[in-house]
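**Q** Please read through the structure below; I'll follow up with questions.
Just so it is clear, none of the values below were taken in a lab; they were calculated from the coordinates. This one's a predicted model, so the numbers in the text were calculated from it and none came from an experiment. Cβ placement follows ideal geometry from the backbone for every residue including glycine, while neighbour counts extend to all protein chains displayed.
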Amino acid sequence: MAAGSRPAVTPLLKDELDIVIPTIRNLDFLEMWRPFFQPYHLIIVQDGDPSKTIKVPEGFDYELYNRNDINRILGPKASCISFKDSACRCFGYMVSKKKYVYTIDDDCFVAKDPSGKDINALEQHIKNLLSPSTPFFFNTLYDPYRDGADFVRGYPFSLRDGVPTAVSHGLWLNIPDYDAPTQLVKPLERNTRYVDAVMTIPKGTLFPMCGMNLAFDRELIGPAMYFGLMGDGQPIGRYDDMWAGWCTKVICDHLGLGIKTGLPYIWHSKASNPFVNLKKEYKGIFWQEELIPFFQQVALTKDCTTVQKCYLELSRQVKEKLGKVDDYFNKLADAMVTWIQAWDELNPAKADAAAAALANGASK
């Protein structure tokens with residue numbers, strides 16, 4: 001080794017994490033992410049025309065799936081995977097063989113922290129996932145496991161071990177993740193606030209999950225990360241990640257798992273068309289006034305001891321209670337069942353592993 005040189009540092013979870021990217025275009029954006037993403041395996045889910053060739057920069061280890069591949073692998077069950085919508089990304093979650101998944105949109109770039117340093121978003125997500133969460137009692141210094149922080153006076157010692165973290169929800173600078181009405185009244189607004197904080201979302205509290213900068217423990221919560229029926233042939237779009245977030249949060253609360261939000265930031269470069277978005281969202285804007293109370297009040301039974309069991313019970317209640325709102329929710333409930341069936345077919349050993357992981361986490 002040359003004098004003064006350092007041994008190469010192995011990236012965190014190099015062989016245990018997949019990066020899932022939904023796209024309809026060439027992935028030139030990966031050039032900016034090369035220093036951070038190149039050591040990892042990519043799963044690219046191509047939406048739209050499967051005959052179109054998607055170009056990936058050289059040097060990346062990846063597998064690419066288009067609609068023909070999805071139909072071939074899942075057969076009739078491919079009906080549960082959305083078409084012409086970024087919700088198709090959840091197929092990548094299903095075919096991954098890794099313990100962790102990070103998903104990012106192709107219009108997201110490397111952000112800089114206030115000092116001007118490039119933010120390694122993936123590294124921060126991994127740190128979030130590998131440290132416990134505290135959903136049962138809020139710590140006013142936010143994440144007590146970060147350097148320079150701890151549990152404050154009055155925090156119960158019996159809760160300081162925390163619980164396993166299932167989801168790390170990152171944020172974005174520049175283009176905010178707004179709905180269409182807010183986009184229309186604030187077309188020039190940009191998010192410039194960098195808040196150096198990570199916090200656990202408390203038990204019993206829902207949140208609007210954004211899928212453009214998201215990581216999760218696939219073995220702990222993967223089967224709940226279904227982004228629903230959206231896009232082509234469906235009456236709604238742009239609620240895929242939020243649907244997954246509501247389902248996931250209810251299940252995490254039931255199973256005693258945690259969800260963190262805050263750091264890391266990415267740079268969201270492109271504002272989508274608010275008029276196109278409004279057409280996709282408008283039913284959801286009405287329906288969410290029924291959806292939120294449903295998820296706030298939903299209860300899972302004691303025999304729901306795995307994510308799959310929780311999700312199937314949730315699908316039953318979706319059909320029973322939300323099917324009255326619109327027939328779409330009957331279709332969605334059926335697709336939720338199909339999703340779990342397809343997940344278990346492709347991941348036959350994962351159900352046992354997930355149950356063991358949950359039991360292990362609960363016993364610590």
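**Q** Say R0 is 56 Å: what FRET efficiency, to the nearest 0.05, do Val325 and Thr10 get from their beta-carbon distance?
**A** So the FRET efficiency works out to roughly 0.65.
**Q** Just checking my list (i) 20.1, 72; (ii) 21.2, 80; (iii) 20.2, 65 against Rg and Dmax of the Cα atoms in Å computed from this structure; which label fits?
**A** (i)
**Q** I would also like to ask the following. Test of the criteria: in the range 1-107, which trypsin sites (Lys or Arg not before Pro) are in a DSSP loop and have at most 13 other Cβ atoms within 10 angstrom of their Cβ?
**A** Passing sites in the range 1-107 are Lys14, Lys52, Lys55, Lys97.
**Q** Determine ³J(HN,Hα), in whole Hz, for all residues of the range 201-214 in sequence, where each value follows from phi through the Karplus function 6.51 cos²θ - 1.76 cosθ + 1.60 and θ = phi - 60°; x replaces Gly and Pro.
**A** Values per residue, Gly and Pro as x: 6, x, 4, x, 10, 7, 8, x, 7, 9, x, 7, 7, 9 Hz.
**Q** OK, next. First check a/c for the range 59-154, with a ≥ b ≥ c the square roots of the eigenvalues of its C-alpha gyration tensor; if it is under 1.5, answer rounded, and if not, answer prolate when a/b is larger than b/c or oblate otherwise.
**A** prolate
**Q** Counting GluC sites (Glu not before Pro) as exposed when in a DSSP loop with at most 16 other beta carbons within 10 Å, what is the longest stretch of the chain free of them?
**A** Within the chain, the longest run free of exposed GluC sites (Glu not before Pro) spans 190-364.
**Q** For n ≥ 4 DSSP H runs only, could you compute -39500 (n - 2.57) per run for the chain, divide by its residues and tell me the 222 nm figure to the nearest 500?
**A** The helix-only estimate for the chain comes to -10500 deg cm²/dmol at 222 nm.
**Q** Starting from the Cα of Lys55, draw a straight line to each of the aspartates and glutamates and keep only those under 14 Å, dropping any in the same chain fewer than 8 residues away.
**A** Within reach: Asp28, Glu31, Asp47, Glu63, Asp106.
**Q** Counting other Cβ atoms within 10 Å, keep those with at most 13, restrict to DSSP loop, and tell me which trypsin sites (Lys or Arg not before Pro) in the range 287-343 are left.
**A** Hits after loop and neighbour filter: Lys302, Lys324.
**Q** Restricting to Cα pairs below 8 Å that are 6+ residues apart, what does the relative contact order work out to for the range 159-242? Please round to a whole percent.
**A** Value for the range 159-242: 35 percent.
**Q** Now, a different point. Distance in nm between label sites at Asn71 and Lys112, each 7 Å beyond Cα in the beta-carbon direction?
**A** Placing both labels 7 Å along Cα→Cβ, they lie 4.7 nm apart.
**Q** Also, I was wondering about something else. I need the trypsin sites (Lys or Arg not before Pro) found in the range 203-300, filtered to DSSP loop residues with at most 15 other beta carbons within 10 Å of theirs.
**A** Loop-located and lightly packed - Lys270.
**Q** Quick one: net charge of Phe227's neighbours, Cβ under 10 Å, K/R +1, D/E -1?
**A** Net of charged neighbours comes to -2.
**Q** Nearest-5 percent of antiparallel DSSP beta bridges in the range 155-271?
**A** Around 45 percent of the beta bridges assigned by DSSP in the range 155-271 are antiparallel ones.
**Q** Exceeding 19 Å between C-alpha atoms, which entries from my cross-link table qualify? They are Lys84/Lys279; Lys77/Lys302; Lys97/Lys331; Lys77/Lys280; Lys99/Lys319; Lys260/Lys302.
**A** Lys77/Lys302; Lys97/Lys331; Lys77/Lys280; Lys99/Lys319; Lys260/Lys302
**Q** Is the range 156-282 rounded, prolate or oblate when judged by the Cα gyration tensor, a ≥ b ≥ c being the square roots of its eigenvalues, rounded requiring a/c under 1.5 and prolate requiring a/b larger than b/c?
**A** Taking the square roots of the gyration eigenvalues as a ≥ b ≥ c, the range 156-282 is oblate.
**Q** Taking 8 Å as the Cα distance limit and 6 or more residues as the minimum spacing, I'd like the relative contact order of the chain as a percentage.
**A** 19 percent
**Q** Gain in length, Leu64 to Lys270, computed as 0.36 nm per residue apart minus the alpha-carbon separation, to one decimal in nm?
**A** Stretched out fully, the Leu64 to Lys270 stretch lengthens by 71.8 nm.
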